[in-house]
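The values are calculated or read from the model by the stated rules, or taken from the named source; none is laboratory data. Just so it is clear, the structure is predicted and the values come from calculations on it, not from any experiment. Here the Cβ positions follow ideal geometry from the backbone for every residue, glycine too, while neighbour counts run over all protein chains shown. Side chains are part of the model used for accessible areas, which takes the heavy atoms of the whole protein and leaves out ligands, DNA and RNA. Shrake-Rupley method; radii C 1.70, N 1.55, O 1.52, S 1.80 Å.
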Amino acid sequence: MNLNLDFASIIERWPTFFDGALLTLQLAFIATMLGTAIGVLGAIGRRSHHPIVSRICGIYVEAIRNTPLLVQIFLVYFGLASLGLKFSAFVVAAAALTINVGAYTTEIIRAGFDSIPRGQIEAAEGLALSRAQIYWHVVMWPAIEKVYPSLTSQFVLLMLASSVTSQISAEELTAVANYVQSDTYRAFETYILVALVYIVLSLIMRAGFWLLGLVIFPRRRRLGTPL
Amino acid sequence: MHKTLNAATNAATQSPVVSLKNVHKSFGTLKVLDGVSFEVDRGEVLVLIGRSGSGKSTALRCIDRFERIDSGEIVVCDHRVSDPKLDLRALRQDVGIVFQSYNLFPHLTIEENITLAPCSVKGVSKAEAKEEARRVLAQVGLEDKLHQYPEQLSGGQQQRAAIARSLAMQPKVMLFDEVTSALDPELTGEVLKVIEALAADGMTMVMVTHEMGFARGIANRVVFMHRGKVHETGPAAILTSPATPELAQFVGTGL
């Protein structure tokens, strides 16, 4: 066995890795924001008394959760192409990741909504709040606080899964690594470095979500207890 | 703000605040309300008593339309509750309801709990709502809890805060659904004191309670429900000298 590692030629390409990592974070950020919006709407839709609305949301969730991400990415990529629509790989990747994470987020947020006791909603109804006001003030915020750990894990997973978009040449971290290793013939070193960068990105995201949690959940910040 | 009304003189000249006429309600095949009628005049305290399952809580919940009735008529503060075209939110601005399980919003401070509805429903300014929050909290003896969260309060304090939250909407009638059933005797006492003070202020109230001693002290009228019907009704005195054997048995075991 002769293990001969040479990181020098990899590390000197750090600006390339940095750009890739930045793109990965951008993809994760966009998909997290839009995915959260889809998740909230999807969860409201799944709980709707309107059978068609709840059915459509259910089909969306099941279709996404039972197909591989890579296939979903190709479907968006080739689907848009066959409609004659030309988008950059980045837009396609962001769209596919959003659609993907939106389904998982829908399920997580729905679980949060379902965990709000009926009495909370009755109290709000008794105070004459409208349905929208009840959803916003009494259901959504405590629900999100309760499922925040699952939600943030899902978004970190999404950031890691975004490496799959290298398949459609989105210039994110893994795609960049593929170029570098084919250039330098230092595949093992490249992916060791890339793995480390992904770990750093995960830590950055977790820290960001922790800070965000302090801002948007003042009760938790003050009391430190789970809701 | 405080209307100190004399129930007896006003009752004759004004239409009742709450009126149920021949109300029927079933849950599936179970008949819960079987032709219930009663009226509550302005400034009056009506106490609903009866065994578990007698329909008293359902009757109370029908007043605020948390349950829909099958037939009959309910009118509350000129809102025809039984009308399918009822403006539900207008009704609920006039009616305050307090539940057994307090149902304070756990993620909001006591102040935020109280100001939420006045701000978002009535469009009251934040500053005005905060001032009102201070006033109603003082009324229930909790002015120092303004910035605490519900979980930091005892059960009795939470229930008083829930009463304050309802009062901040300046309701014309308050409904209390077994509000002390989850509390120990000491905490029950502090909640009942708040309710007594409200009654003394002239608040119209309908309450379901198992506290017979309290009912005797506060009720202008007692409605004893039995098997979905108003079995016996009258002034608080009927609790000490019941006319029907069912009520006699109930207060006998209830004391």
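Observations, loosely collected:
- Any hit, segment B:199-222, residues being open to solvent by less than 10 Å² (accessible area, probe 1.4 Å), on the phi > 0 side of the Ramachandran plot and touching a strand residue (DSSP E or B) at 6+ places or on another chain (Cβ under 9 Å): no
- B:Gly141 over 25 Å from A:Ala143 (Cβ atoms), in contact (Cβ under 8 Å) with a residue 40 or more places away in the chain and of a type in the set (Gly, Ala, Ser): yes
A quick yes/no check of all residues on (1) β-branched (Val, Ile, Thr); (2) within 21 Å of B:Ser15 (Cα to Cα); (3) crowded, with 20+ Cβ neighbours inside 10 Å:
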| site | (1), (2), (3) |
| --- | --- |
| B:Val75 | yes, yes, no |
| B:Asp78 | no, yes, no |
| B:Asp83 | no, yes, no |
| B:Asp87 | no, yes, no |
| B:Ala90 | no, yes, no |
| B:Val95 | yes, yes, yes |
| B:Phe99 | no, no, yes |
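- Across segment A:183-227, the qualifying residues are those that are part of a helix (DSSP H, G or I) and among the hydroxyl-bearing types (Ser, Thr, Tyr), and the one among them that is most open to solvent (accessible area, probe 1.4 Å) is A:Tyr191.
- Looking across A:Leu22, A:Leu41, A:Leu27, one residue alone is open to solvent by less than 70 Å² (accessible area, probe 1.4 Å), at pLDDT 95 or above and assigned to a helix (DSSP H, G or I). It is A:Leu27.
- Some residue of segment A:128-143 being of a type in the set (D, E, K, R) and within 17 Å of the chain's Cα centre (by Cα): no
- Scan of segment A:66-80 for residues that are open to solvent by less than 90 Å² (accessible area, probe 1.4 Å) and not hydroxyl-bearing (Ser, Thr, Tyr), ordered by number: A:Pro68, A:Leu69, A:Leu70, A:Val71, A:Gln72, A:Ile73, A:Phe74, A:Val76, A:Gly79, A:Leu80
- Any hit, segment B:58-77, residues being at the interface with chain A (Cβ under 8 Å from one of its Cβ atoms) and under 18 Å from the mean Cα position of the chain (by Cα): yes
- Residue among A:Ala123, A:Ala111 that alone is over 13 Å from the mean Cα position of the chain (by Cα), within 14 Å of chain B (Cβ to nearest Cβ), modelled with pLDDT of 95 or more and in a helix (DSSP H, G or I): A:Ala123
- Scope segment B:143-198; condition in a helix (DSSP H, G or I), of a type outside the set (Ser, Thr, Tyr) and within 13 Å of chain A (Cβ to nearest Cβ); matching residues: B:Pro150, B:Glu151, B:Gln152, B:Gln158, B:Gln159, B:Ala161, B:Ala162, B:Ile163, B:Ala164, B:Arg165, B:Leu167
- Residue check, A:Val180 closer than 24 Å to A:Ser88 by Cβ, surrounded by 12 or more Cβ atoms within 10 Å (Cβ to Cβ) and either within 14 Å of chain B (Cβ to nearest Cβ) or at pLDDT 95 or above (or both): no
- Comparison of A:Val76, A:Val139 shows that the only residue that is away from chain B (no Cβ under 14 Å), free of Cβ contacts under 8 Å to residues at least 60 places away in the same chain and of a type in the set (Val, Ile, Thr) is A:Val76.
- Qualifying positions in segment B:28-53 - polar (S, T, N, Q) and modelled with pLDDT of 95 or more: B:Ser37
- Looking only at residues of segment B:20-55 that are polar (S, T, N, Q) and within 19 Å of B:Asp177 (Cβ to Cβ), we find that the one that is most open to solvent (accessible area, probe 1.4 Å) is B:Ser52.
- Identity of the residue in segment A:142-151, under 13 Å from A:Leu212 (Cβ atoms) and open to solvent by less than 20 Å² (accessible area, probe 1.4 Å), that ends up farthest from the other protein chains (Cβ to nearest Cβ): A:Leu151
- Restricting attention to segment B:101-131 and to residues that are touching a Pro at 6+ places or on another chain (Cβ under 6 Å) and farther than 23 Å from A:Arg221 by Cα, the residue that is least open to solvent (accessible area, probe 1.4 Å) turns out to be B:Ala129.
- Qualifying residues in segment B:79-108 (those that are more than 14 Å from every other protein chain (Cβ to nearest Cβ) and free of Cβ contacts under 8 Å to residues at least 12 places away in the same chain) - the one farthest from B:Val230 (Cα to Cα): B:Lys85
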